[in-house]
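Taking it in order: structure first as structure tokens, then the write-up.
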């Protein structure tokens with residue numbers, strides 16, 4: 001029985017490293033999400049925050065996948081001003097979706113006190129080469145300063 005198993009499994013054991021090596025090499029071809037979708041946030045004035053994503057070449061973010069949250073609970077966020085994107089048919093979702101490439105600037109109305117704000121932005125994107133990333137969260141702490149609130153991510 002052992003000889004039979006060895007005869008049956010040996011060809012697979014010889015092929016498996018090559019297959020796994022190909023998959024690992026393919027995964028290395030993609031940027032980590034933090035590099036593919038660089039995040040920054042700052043306060044424009046006492047009532048508005050600017051969120052910026054710099055999207056690497058060959059990658060894109062979905063316009064309808066942004067979500068915003070702030071802490072403490074006393075901070076109130078208004079509806080974001082998200083620029084329109086380029087419409088493309090997305091195979092992963094089976095429908096036409098707006099996507100952002102390059103630099104994306106989102107303005108977000110905010111009502112807060114003079115306390116630091118922890119802004120959490122959820123986004124999701126893909127690589128043109130076929131990899132879609134799970135939703136990711138990016139966080140910035142925006143603290144009051146004499147000239148407004150500035151990021152201390």
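The values are calculated or read from the model by the stated rules, or taken from the named source; none is laboratory data. Fair warning: this is a prediction, and the values are worked out from it, not measured in the lab. Neighbour counts run over all protein chains shown; Cβ positions are idealised from the backbone, glycine included.
Before we move on, is residue 134 outside any strand (DSSP E or B), at pLDDT 95 or above and either within 23 Å of residue 30 (Cα to Cα) or not assigned by TED's automatic domain parsing to the domain that holds residue 46 (or both)? Before you say what the answer is, go through the steps one by one.
Numbers: outside any strand (DSSP E or B): yes; at pLDDT 95 or above: yes; either within 23 Å of residue 30 (Cα to Cα) or not assigned by TED's automatic domain parsing to the domain that holds residue 46 (or both): yes.
Yes, satisfied.
From 58, 94, grab the single residue that is surrounded by 11 or more Cβ atoms within 10 Å (Cβ to Cβ) and at positive phi. Don't jump to the end; show me each part of the working.
Working: 94 fails: surrounded by 11 or more Cβ atoms within 10 Å (Cβ to Cβ).
The conditions single out 58.
Looking at segment 118-131 only, could you name the residues that are assigned to a strand (DSSP E or B), in contact (Cβ under 8 Å) with a residue 60 or more places away in the chain and more than 18 Å from residue 82 (Cα to Cα)?
Our first condition is that a residue be assigned to a strand (DSSP E or B); within segment 118-131, this holds for 118-123, 125-127.
Subset that is in contact (Cβ under 8 Å) with a residue 60 or more places away in the chain: 119, 121, 123, 125-127.
Scanning segment 118-131 gives 126, 127.
Sort through 93, 39, 53 and tell me the only one that's assigned by TED's automatic domain parsing to the domain that holds residue 138, outside any helix (DSSP H, G or I) and under 14 Å from residue 132 (Cα atoms). If you could, list the steps in order and put the result at the bottom.
Details: 39 fails: under 14 Å from residue 132 (Cα atoms); 53 fails: under 14 Å from residue 132 (Cα atoms).
Just one listed residue meets the conditions, 93.
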